[in-house]
Amino acid sequence: MLLNVIQKAATPRQALPPYLLDLLGQARRSIEVDPSFTRRCLDEASTLLGNADTLERPPVESAPAPANATKGGLAPWQLKRVRAYVEEELDGTILIDDLAVVAELSPGHFCRAFKTSTGETPHGYIVRQRILRAQRLMLETNDTLSHIACACGMTDQAHLTRLFRRVLNETPLAWRRTWRTA
């Protein structure tokens, strides 16, 4: 059904917004490597297709937290505390040991439980949060990319560009131009 909706909406190439095309591209690229990330991308795409008002919105929001604790995963209170800690410390260095202390677990157990609960590694989650913050700052401020990189806990603009391209397959400057003019 999703494919039928996409085909109907995509008769002219410009009918789908760049964000939705990027989201589908990310899902396609990650299908073999990370099925849970692919599932989240496709869920978000179907949500966007179901609500036409959100199609013009750029991708600056993180995926919602799972409602129930997964067997072998973090308890909801642990996940909430870890996410709050990451958001608070995003502009600096975040160590797995620190996250494990926040969750009151050993580092090894924390990493396994975090991946079970969220479908991604703690490092992958932190990188995604840094990119999301960079996207918000690029839309809301006129700061240079090097200032934004530092505000997101990255070493320099090259670091931001490398991670941004890896996650979104686009440079930060190109993304900013696309969404600033939209």
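Taking residues in the stretch 19-39 that are in a loop (DSSP other than H, G, I, E, B), and partners anywhere that are surrounded by 14 or more Cβ atoms within 10 Å (Cβ to Cβ) and modelled with pLDDT of 70 or more, the pairs with Cβ atoms closer than 6 Å and at least 6 places apart or on different chains are Ile31/Thr38.
Restricting the stretch 111-137 to residues that are buried (at least 17 other Cβ atoms within 10 Å of the Cβ) and outside any helix (DSSP H, G or I) leaves a set whose member that is nearest to the chain's Cα centre (by Cα) is Glu120.
When the stretch 30-88 is filtered for residues that are within 16 Å of the chain's Cα centre (by Cα), at pLDDT below 65 and surrounded by 12 or more Cβ atoms within 10 Å (Cβ to Cβ), the ones remaining, listed by number, are Arg57, Pro58, Pro59, Val60, Glu61, Ser62, Ala63, Pro66.
Just to be sure before I move on: is Gly108 of a type in the set (Gly, Ala, Ser), on the phi > 0 side of the Ramachandran plot and open to solvent by less than 70 Å² (accessible area, probe 1.4 Å) in the structure I sent? Let's see the steps before the verdict.
Working: of a type in the set (Gly, Ala, Ser): yes; on the phi > 0 side of the Ramachandran plot: no; open to solvent by less than 70 Å² (accessible area, probe 1.4 Å): yes.
The answer is no for Gly108.
Scanning the stretch 89-103 for residues that are in contact with a Phe, Trp or Tyr (Cβ under 9 Å, 6 or more places away or on another chain), open to solvent by 50 Å² or more (accessible area, probe 1.4 Å) and either within 23 Å of Asp156 (Cα to Cα) or not in a helix (DSSP H, G or I) (or both) turns up just one, Ile96. Determine if the stretch 95-112 includes at least one residue that is modelled with pLDDT of 90 or more, under 25 Å from Leu23 (Cα atoms) and not small (Gly, Ala, Ser). Among the residues of the stretch 95-112, not one is modelled with pLDDT of 90 or more, under 25 Å from Leu23 (Cα atoms) and not small (Gly, Ala, Ser), which makes the answer no.
The values are calculated or read from the model by the stated rules, or taken from the named source; none is laboratory data. None of the values given here were measured: they were computed from a predicted structure. Please note: Cβ atoms are built from the backbone with ideal geometry, for glycine as well, and neighbour counts cover all protein chains shown. In case anyone asks, the SASA skips ligands and DNA or RNA and just uses the protein heavy atoms, side chains included. Shrake-Rupley method; radii C 1.70, N 1.55, O 1.52, S 1.80 Å.
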